[in-house]
Amino acid sequence: MPIVPVVSIGGQETALFLSRGERLAQLLMLDRMFRLKVLPISIALPWGLNIGDMLGHIPLPAKITVETLPCIHLRDEFGPDPDVEEVYDHILRLMQDTLDALAAERRLPILG
């Protein structure tokens, strides 16, 4: 089966994040009980201050751009016995380069 990398940008603009909440997750011991390393803190409708997004939120308007990259056939590109680390690094680099290009094209958060 081929791998089809998909990259998107803009979804992070649907709420105003104040913190990733790493320290809060540690203080509440969520990292040990539920393996939650972060408990994001944001400002979002209708609750105002939103911790962890447990109750959901009404997303702010945002332009989300999604780009599908060409299929990657592992054996065609990396040989009959591909190295997992090499494949991972290659796909990660392709996706990061695409994300950087999409970010460079954006001018305004809502309008893109």
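The values are calculated or read from the model by the stated rules, or taken from the named source; none is laboratory data. From a predicted model like this one, the values you see are computed outputs, not experimental measurements. Here the Cβ is made from the backbone with ideal geometry for all residues, glycine too, and neighbour counts use every protein chain on show. Side chains included, ligands, DNA and RNA excluded: accessible areas come from the protein's heavy atoms. Shrake-Rupley method; radii C 1.70, N 1.55, O 1.52, S 1.80 Å.
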Original post:
Would you pick out the residues in region 28-45 that are exposed (fewer than 11 other Cβ atoms within 10 Å of the Cβ) and assigned to a helix (DSSP H, G or I)?
Top reply: R32, M33
Original post:
Of R107, R93, which residue is assigned to a loop (DSSP other than H, G, I, E, B), under 20 Å from the mean Cα position of the chain (by Cα) and either charged (D, E, K, R) or within 18 Å of V4 (Cβ to Cβ) (or both)?
Top reply: R107
Subject >> Selection count where residues are open to solvent by less than 30 Å² (accessible area, probe 1.4 Å), of a type in the set (A, V, I, L, M) and touching a helix residue (DSSP H, G or I) at 6+ places or on another chain (Cβ under 7 Å), scope region 1-27 >> reply: 3
**OP:** Scan region 46-59 for residues that are of a type in the set (A, V, I, L, M) and open to solvent by less than 90 Å² (accessible area, probe 1.4 Å) and report the count.
**Re:** 1
